[in-house]
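K.L.:
The structure is given below, and queries will be raised subsequently.
Just so you know, all these numbers are worked out from the coordinates, no wet-lab data involved. Treat the numbers as computed from the prediction; the structure is a model and nothing was measured.
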Amino acid sequence: MKKIAFCVIVGSLLSPTLWAAPEQPDTHKIQIIPLGHATPEEVIAKVRAAAEVLKTDADLAQFNEIEGNPWVWKDTYIFVYNCEADKMSAHPIKESLIGKPIMSLRDYAGNLFFEEMCRAALEPDGGWVKYSWPKPGDTEGSPKFSYNLQAQDSKYQVGAGIYGDNTTVETLNVLLSK
């Protein structure tokens, strides 16, 4: 049963219309069987661990896999980007984003959210950024928070996100000093 649920979720996440940019809104509703929600603490731990192992281009492949990938868990995943090169470097859910410019991407509220992510990643402990992005299966933007961190001795930045209505960037950033 777990394998079936996993296949349904992964198949749904791989749908090209599911992760469409705001210019190409998703018109399909899908049913996803939740396997739990990632906590902010889990996101912080996974992003920090990913930033530790990411040093060179050869390290990117591990972040693009789905099945058996420790960087894809519960309802979130690690994504890797390069602010200086203005491109998505690794993305396990939407392969079509890999190699594409990120600085011109707008969220569902029209904000250039990767500019904020790049700034947040350069903070000593990284930082959280709020933006509007649809939950899997939705066509409307929802509040999403991504934790971003510069991979040490690397040209890459690492992020992962959670959805939430009952938190703030300030509240999440307090967790970074723990």
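K.L.:
For segment 56-73, take each phi angle, set θ = phi - 60°, evaluate the Karplus expression 6.51 cos²θ - 1.76 cosθ + 1.60, and give the result in whole Hz per residue in order, putting x for glycine and proline.
P.N.:
10, 4, 5, 7, 5, 3, 4, 8, 9, 7, 10, 5, x, 8, x, 8, 10, 8
K.L.:
Moving on. In sequence order, what are the phi-derived ³J(HN,Hα) couplings for segment 77-92 according to the Karplus relation 6.51 cos²θ - 1.76 cosθ + 1.60 with θ = phi - 60°, rounded to whole Hz, with x for glycine and proline?
P.N.:
Each residue of segment 77-92 in turn: 6, 7, 10, 10, 9, 10, 5, 4, 8, 6, 8, 7, 9, 8, 7, x Hz.
K.L.:
Sort out for me the Cα centre separation of segment 104-127 from segment 150-171, rounded to whole Å.
P.N.:
Here the answer is 9 Å between Cα centres.
K.L.:
Mind listing the long-range amide H neighbours of residue 151? Cut-off is under 5 Å, sequence gap 5 or more, other chains count too, H placed in the peptide plane at 1.01 Å from N.
P.N.:
Sorted by chain and number, the residues that satisfy this are 156, 157, 158.
K.L.:
I want to verify the translational diffusion coefficient of segment 73-178 in µm²/s; compute it with Stokes-Einstein, Rh as the Kirkwood radius over Cα pairs, at 25 °C and 0.890 mPa s.
P.N.:
175
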